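Bear in mind these aren't lab numbers, they're just calculated from the coordinates by the rules spelled out. All values derive from a computational prediction rather than experimental measurement. Because the Cβ atoms are built from the backbone with ideal geometry, glycine has one as well, and the counts that use them run over all protein chains shown.
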Amino acid sequence: METTRLSRYSVDMRLRSCKSWLLAVLVLSTACASPRVVPETLEPLVDRAVTFREVVAAPDSYQGKVVVFGGEVLKAKRLKEGTQIELLQLPLDTRERPIRDRQQSQGRFLAIQPEFLDPATIVEGTSMTIVGELSMTKVEHLDDIEYRYPVLIVKYLQTWPMSSPESVRPQPGFSFGIFGGTGGRVGGGGGFGIGF
């Protein structure tokens with residue numbers, strides 16, 4: 001009789017412990033989730049299956065598709081139809097921010113912002129994430145060659161602050177952790193840790 005009570009108590013404690021840890025994991029994972037860059041109104045229009053490499057290989061096949069590309073500003077100029085921004089394409093990280101490794105680039109693209117943006121305010125080296133509709137390619141001179149640029153008509157543009165040497169250095173931090181477990185027959189455990 002005593003063994004049955006201990007066994008039932010042990011199962012109840014394990015079940016409660018598992019439920020508590022599951023709730024803690026869900027709360028923490030929700031709190032740590034980073035927001036997406038793409039506005040909710042545009043998200044249903046975005047075709048995330050289209051890659052930059054595919055667009056470069058067959059740009060006419062993707063005309064009219066809405067995509068999310070990122071890159072680093074190379075230059076900007078004013079045109080009749082808006083402001084043209086030339087970017088070095090860079091892959092996006094999980095926060096949809098362009099990575100800083102230029103060697104990962106798969107080429108260049110142009111982003112046309114229909115509204116006026118003063119090219120002087122678009123600083124060379126600025127990272128951008130652009131949600132845009134693919135348009136016809138545009139051929140322009142790049143040094144001594146003609147380069148065929150994929151063109152995005154900007155629907156949404158996110159600029160990212162430039163990295164300074166201070167922001168790259170390790171900074172003091174604070175962290176905490178939660179841990180626990182269940183033991184054999186009756187045991188159980190848990191804990192809380194803080195680190196600096």
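Under a Cβ-only charge scheme (Lys and Arg +1, Asp and Glu -1), can you give me the dipole magnitude of the stretch 43-162 about the Cα centre, in debye to the nearest 20? Working shown, then result.
Working: 15 positive and 18 negative charges, 27 e Å.
For this selection, approximately 140 debye.
Evaluate the relative contact order of the stretch 43-162 (contact order divided by residue number), counting alpha-carbon pairs under 8 angstrom at least 6 apart; express in whole percent.
Numbers: 273 pairs, mean separation 32.3, N = 120.
Answer for the stretch 43-162 is 27 percent.
For residue 81 and residue 143 in one chain, what is 0.36 nm times their gap in residues minus the Cα-Cα distance, to one decimal in nm? Walk me through the intermediate numbers first.
Values: separation 62, 0.36 × 62 = 22.32 nm, distance 2.44 nm.
Stretched fully, the residue 81-residue 143 segment lengthens by 19.9 nm.
Using the Cα gyration tensor of the stretch 43-162, with a ≥ b ≥ c the square roots of its eigenvalues, what is the shape: rounded (a/c below 1.5), prolate (a/b larger than b/c) or oblate (neither)? Each step should come with its number before you reach the end.
Details: a/c = 1.18, a/b = 1.06, b/c = 1.11.
Judged from the Cα gyration tensor, the stretch 43-162 comes out rounded (a/c under 1.5).
Would you list 135, 127 from fewest to most Cβ contacts within 10 Å?
Working: 135 16, 127 20.
So the ranking, lowest neighbour count to highest, is 135, 127.
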